[in-house]
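Only one structure is covered here, and it is reproduced in the block below.
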Amino acid sequence: MKRIVLFLVTNLAVVVVLGIVASLLGVNRFLTSNGLNLGALLGFAFIMGFGGAIISLLISKPMAKWSAGVQIIDGSGSADEAWIVNTVRRFADQAGIGMPEVGIFQGEPNAFATGAFKNSALVAVSTGLLENMTREEVEAVIGHEVAHIANGDMVTMTLIQGVMNTFVVFLSRLIGYAVDSFLRRNDEESSGPGIGYFVTTIVLDILLGFLAAIIVAWFSRQREFRADAGAAQLMGRKQPMINALARLGGMHPAELPKSVAAMGIAGGIGKLFSTHPPIEERIAALQNRQG
């Protein structure tokens, strides 16, 4: 809950800072003279940036279950299921978080964690992961996902995405009004935004959206290093996590639904937009880690 409050406060702070900067630069007077209310624009940017991100966070767990086809297990089935549930419980106790729901989904090797709250999250592993890794390696992967939950990574990533969304919405519309005003500087009869505003806003929503995605992906990659280290700490040694990463490097990881892809153990291959660092860099970071 503290991270949810942080999320709200941070987005509010971003809006306040944008408002102060706009006032100091005289942007508010420019906007008012061109028929745009700065307060309304800031409110719109806040709602769009905060609203979509928080809704996505709150529905992340049920959406992950549905989109990945996760089957929830309680340990009462096979011996393997009991072992998975007990492993998650042991790591959750060590990390000081509530017992997450545990699930299995069909597919190539991968795993993910999701959920809006630390004490009611979800950890899911694929059948491919269970079939192609040793128990110690699977244990390390589970530790990695529990570390994501303990670190509050789901809320942190939503916070960063929300802040980026707020900037994108605000700047694209602010620049759109400036461009439209310049194009219609000799047209005193027309009122309201013109074609220049709409075209500029659409183009900048796309371009700034790409830039925001690069920034969010960078934060996501840093978070993966911390989760790897967290898994090593939970297990008491780093070699099992190194072995699990090395094995993943020789496999074709499953494509996870977009809503949980950033929380998987393995990600895409695009450098700038990848949510996960290269396997080699993750292994090197663990090998250089003390302890």
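Acidic (Asp, Glu), surrounded by 15 or more Cβ atoms within 10 Å (Cβ to Cβ) and out of contact with any strand residue (DSSP E or B) (no Cβ under 6 Å at 6 or more places or on another chain): is that true of residue 108 in this structure?
Against the criterion (acidic (Asp, Glu), surrounded by 15 or more Cβ atoms within 10 Å (Cβ to Cβ) and out of contact with any strand residue (DSSP E or B) (no Cβ under 6 Å at 6 or more places or on another chain)), residue 108 qualifies.
Tell me whether segment 59-74 contains one or more residues that are over 25 Å from residue 228 (Cβ atoms), touching a Ser or Thr at 6+ places or on another chain (Cβ under 7 Å) and of a type in the set (A, V, I, L, M).
Yes, some residue in segment 59-74 is over 25 Å from residue 228 (Cβ atoms), touching a Ser or Thr at 6+ places or on another chain (Cβ under 7 Å) and of a type in the set (A, V, I, L, M).
Which is modelled with pLDDT under 85, farther than 19 Å from residue 162 by Cα and open to solvent by less than 80 Å² (accessible area, probe 1.4 Å), of 42, 25, 38?
One residue alone meets the criteria, 38.
Okay, residues lined up against (1) open to solvent by less than 70 Å² (accessible area, probe 1.4 Å); (2) touching a strand residue (DSSP E or B) at 6+ places or on another chain (Cβ under 9 Å):
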residue	(1), (2)
59	no, no
65	yes, yes
86	no, no
89	no, yes
95	yes, no
98	yes, no
103	yes, yes
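Using the structure shown, decide if residue 203 is modelled with pLDDT of 85 or more and either more than 24 Å from residue 272 (Cα to Cα) or open to solvent by 50 Å² or more (accessible area, probe 1.4 Å) (or both).
Considered against the rule, which asks whether it is modelled with pLDDT of 85 or more and either more than 24 Å from residue 272 (Cα to Cα) or open to solvent by 50 Å² or more (accessible area, probe 1.4 Å) (or both), residue 203 comes out as yes.
Please pick out the residue among 40, 121, 68 that is in contact (Cβ under 8 Å) with a residue 40 or more places away in the chain and either closer than 30 Å to residue 174 by Cβ or touching a His at 6+ places or on another chain (Cβ under 9 Å) (or both).
Exactly one residue qualifies, and that residue is 121.
Okay, residues lined up against (1) touching a Lys or Arg at 6+ places or on another chain (Cβ under 7 Å); (2) modelled with pLDDT of 85 or more:
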| site | (1), (2) |
| --- | --- |
| 181 | no, no |
| 194 | yes, no |
| 212 | no, yes |
| 225 | yes, yes |
| 229 | yes, yes |
| 238 | yes, yes |
| 246 | no, yes |
| 253 | no, no |
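Quick one: how many residues across segment 225-247 are of a type in the set (A, V, I, L, M, F, W, C) and open to solvent by less than 10 Å² (accessible area, probe 1.4 Å)?
Going through segment 225-247 one residue at a time, the tally reaches 6.
Would you please name the residue that is nearest to residue 156 (Cα to Cα), looking only at residues in segment 60-97 that are over 21 Å from the mean Cα position of the chain (by Cα) and in a loop (DSSP other than H, G, I, E, B)?
If we take residues in segment 60-97 being over 21 Å from the mean Cα position of the chain (by Cα) and in a loop (DSSP other than H, G, I, E, B), then 96 is nearest to residue 156 (Cα to Cα).
Report, by residue number, each residue of segment 136-176 that is under 21 Å from residue 58 (Cβ atoms), open to solvent by 10 Å² or more (accessible area, probe 1.4 Å) and at pLDDT 90 or above.
Residues satisfying the conditions are 150, 151.
Would you mind stating whether residue 127 is at pLDDT 85 or above, farther than 27 Å from residue 219 by Cβ, open to solvent by 20 Å² or more (accessible area, probe 1.4 Å) and touching a Gly at 6+ places or on another chain (Cβ under 7 Å)?
yes
The values are calculated or read from the model by the stated rules, or taken from the named source; none is laboratory data. Quick caveat, the model's predicted, so the values are computed rather than measured. When we count neighbours, we look across all protein chains shown, and the Cβ atoms used for this are built from the backbone with ideal geometry, even at glycine. Areas reflect the complete protein model, heavy atoms only, side chains present, ligands, DNA and RNA absent. Shrake-Rupley method; radii C 1.70, N 1.55, O 1.52, S 1.80 Å.
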